[in-house]
Amino acid sequence: MGPETALIHHPYRPPEGFDAPQVAVHKASTVYFADCAALRARDWRYKNGYTYGLHGTPTTFTLEERIATLEGGRHTVLVPSGLAAIANVDLALLQAGDEVLLPDNVYGPSRELARHELARLGITHRLYDPLDARALEAMIGPATRLVWLEAAGSVTMEFPDLTGLVHAARSRGVLTALDNTWGAGIALRPFDLGIDIVMHALTKYPSGGGDVLMGSVTTVDDALHERIKLAHMRLGLGVGANDAELVLRSLPTLALRYHAHDAAARRLAGWLAGRPQVVQVLHPALPGSPGHEHWARLCGAAAGLFSVVFDERFPQAQVDRFVDALRLFRIGYSWAGPVSLVVPYDLKAMRARPAWGGTLVRFSIGLEAVDDLQADLEQALAAAFG
Ligand SMILES: *Cc1c(COP(=O)(O)O)cnc(C)c1O
């Protein structure tokens with residue numbers, strides 16, 4: 001079964017005598033037990049029944065099952081945001097004296113979590129170059145417990161040497177966790193590569209509306225799932241049934257939307273690469289973008305996300321004028337909704353050794369007609385650069 005089909009045919013069974021396409025919104029803190037024996041028999045760890053709202057309802061169990069199916073895994077836990085999913089993994093697997101390795105282009109708040117909360121717990125971190133698997137292998141030491149992977153990396157969009165990085169970690173017995181928000185379960189099959197944990201900001205493509213915050217952690221291994229699930233429950237992480245329902249409603253169109261975002265983004269990225277003000281377009285499917293060869297080996301599809309580096313001779317204020325002149329593109333964080341978004345970034349503040357000078361602008365391509373988006377880019381370039 002392809003992911004398009006698997007997202008539409010789900011295991012939810014409606015009450016006897018009622019059948020309809022969508023899962024019901026089951027809300028609960030209290031869940032009733034028929035008697036004391038039933039109360040004692042149920043164990044939330046193994047989902048052998050419903051125990052308490054925080055431990056899941058038919059709505060969240062169905063969404064967990066569908067995200068596991070999407071990612072090609074067996075177990076999923078849901079958390080209130082993508083960042084909470086990262087924290088869930090870190091707190092479940094790391095303890096004082098341990099080290100976690102993060103790619104230099106890691107999602108920024110994940111690095112902040114390592115710098116502050118993890119550091120306070122006595123957990124150290126170092127940054128590695130996601131394009132250099134040998135360097136990662138050399139960094140792994142006796143305290144290294146976890147390697148985070150991100151494909152493509154945040155904002156600068158380098159596509160890592162996933163195969164090499166996973167091999168380096170596995171050969172030293174170190175767990176790997178992939179932030180698969182960009183791939184969204186469509187572009188690559190992480191568990192086939194030997195990755196242990198897949199984290200996903202469902203806030204992005206699975207929600208698809210720019211109106212839900214949610215995250216997931218998916219695993220294949222039972223023991224690893226149990227460690228993540230136990231930390232999940234002790235931390236009191238749970239999601240609301242209305243939000244779960246919104247994601248369930250969007251999942252059947254996930255593949256369709258992903259490919260539409262992809263096609264539009266590739267066209268606009270290619271067009272922008274030909275503009276004289278632009279020195280580099282960072283899109284893994286574009287030849288010449290860092291890590292393009294790794295993307296080409298592992299993926300057919302790409303997300304609707306790319307960044308553009310403007311020539312250093314243009315001051316920040318002039319690039320800001322371009323961004324401000326855009327009409328269809330709205331200025332805002334996050335991505336993967338119907339509305340195209342744009343954010344300027346200061347590369348020097350983000351990377352240890354930025355490969356480019358100049359101002360970087362990150363685009364999330366929405367679902368508008370691509371001709372309209374190109375016309376908008378064209379008029380804003382003319383307004384800012386003449
Ligand atoms: C958005 C995002 C997150 C965090 O998701 P939130 O739901 O906003 O907390 C994590 N990783 C990546 C790559 C993201 O783009």
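The values are calculated or read from the model by the stated rules, or taken from the named source; none is laboratory data. Since we're looking at a predicted model, the values are computed, not measured. Every residue, glycine among them, receives a Cβ derived from its backbone with ideal geometry; neighbour counts consider all protein chains shown.
Restricted to the range 137-156, and to residues that are within 19 Å of the chain's Cα centre (by Cα) and away from the ligand (no atom under 13 Å from the Cβ), which residue is farthest from residue 302 (Cα to Cα)?
Here is the first cut: in the range 137-156, the residues within 19 Å of the chain's Cα centre (by Cα) are 146-156.
Now restrict to residues that are away from the ligand (no atom under 13 Å from the Cβ): 146-147.
On the way: 146: 26, 147: 23 Å.
Of everything passing the filter in the range 137-156, 146 is farthest from residue 302 (Cα to Cα).
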Response to the item:
Within the range 181-213, residues being within 12 Å of the ligand (Cβ to nearest atom) and of a type in the set (Lys, Arg) number 1
Worksheet item: Could you list, in sequence order, the residues of the range 88-111 that are within 27 Å of residue 284 (Cβ to Cβ) and either over 17 Å from the mean Cα position of the chain (by Cα) or small (Gly, Ala, Ser) (or both)?
Response: 100, 101, 108, 110
Practice prompt. Taking the options 320, 262, name whichever one is closer than 30 Å to residue 21 by Cα, assigned to a helix (DSSP H, G or I) and at pLDDT 95 or above.
Written response: 262
Practice prompt. Would you tally the residues in the range 71-86 being in contact with a helix residue (DSSP H, G or I) (Cβ under 6 Å, 6 or more places away or on another chain) and part of a helix (DSSP H, G or I)?
Written response: 2
Worksheet item: Within the set of pairs 6 or more residues apart or between chains, which connect a residue that is without any contact (Cβ under 8 Å) to a residue 60 or more places away in the chain and within 16 Å of the ligand (Cβ to nearest atom) inside the range 83-104 to a residue that is of a type in the set (D, E, K, R) and in a helix (DSSP H, G or I) with Cβ atoms less than 7 Å apart?
Response: 100/90; 102/111
Practice prompt. Being hydrophobic (A, V, I, L, M, F, W, C) and more than 19 Å from the chain's Cα centre (by Cα) is the filter here, so list the residues in the range 262-300 that pass it.
Written response: 263, 264, 268, 269, 271, 272, 273, 278, 279, 281, 286, 296
Practice prompt. Report, by residue number, each residue of the range 171-191 that is in contact with a Cys (Cβ under 9 Å, 6 or more places away or on another chain) and either outside any loop (DSSP other than H, G, I, E, B) or basic (Lys, Arg) (or both).
Written response: none
Worksheet item: Limited to the range 338-361, what total is found for residues that are within 16 Å of the ligand (Cβ to nearest atom), assigned to a loop (DSSP other than H, G, I, E, B), at pLDDT below 95 and not basic (Lys, Arg)?
Response: 0
Worksheet, complete the sentence: Expected output for the range 316-334 (first residue touching a residue at least 12 places away in the same chain (Cβ under 8 Å) and assigned by TED's automatic domain parsing to the domain that holds residue 380, partner among the basic types (Lys, Arg) and within 16 Å of the ligand (Cβ to nearest atom), Cβ below 8 Å, 6+ apart or cross-chain) is 334/204
Practice prompt. Could you look through the range 107-136, keep only residues that are over 17 Å from residue 169 (Cα atoms) and buried (at least 18 other Cβ atoms within 10 Å of the Cβ), and pick out the one that is farthest from the ligand (Cβ to nearest atom)?
Written response: 123
Item to complete: With the checklist (1) of a type in the set (A, V, I, L, M, F, W, C); (2) more than 13 Å from the chain's Cα centre (by Cα); (3) within 13 Å of the ligand (Cβ to nearest atom) in hand, flag the one item residue 178 doesn't pass.
Response: (2)
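In the range 292-307, what residues are modelled with pLDDT of 95 or more and under 20 Å from residue 204 (Cβ atoms)? Even if it seems obvious, please write down each step before you answer.
Pass one, the range 292-307, residues modelled with pLDDT of 95 or more: 292-299, 301-307.
Matches in the range 292-307: 295, 298, 299, 301, 302, 303, 304, 305, 306, 307.
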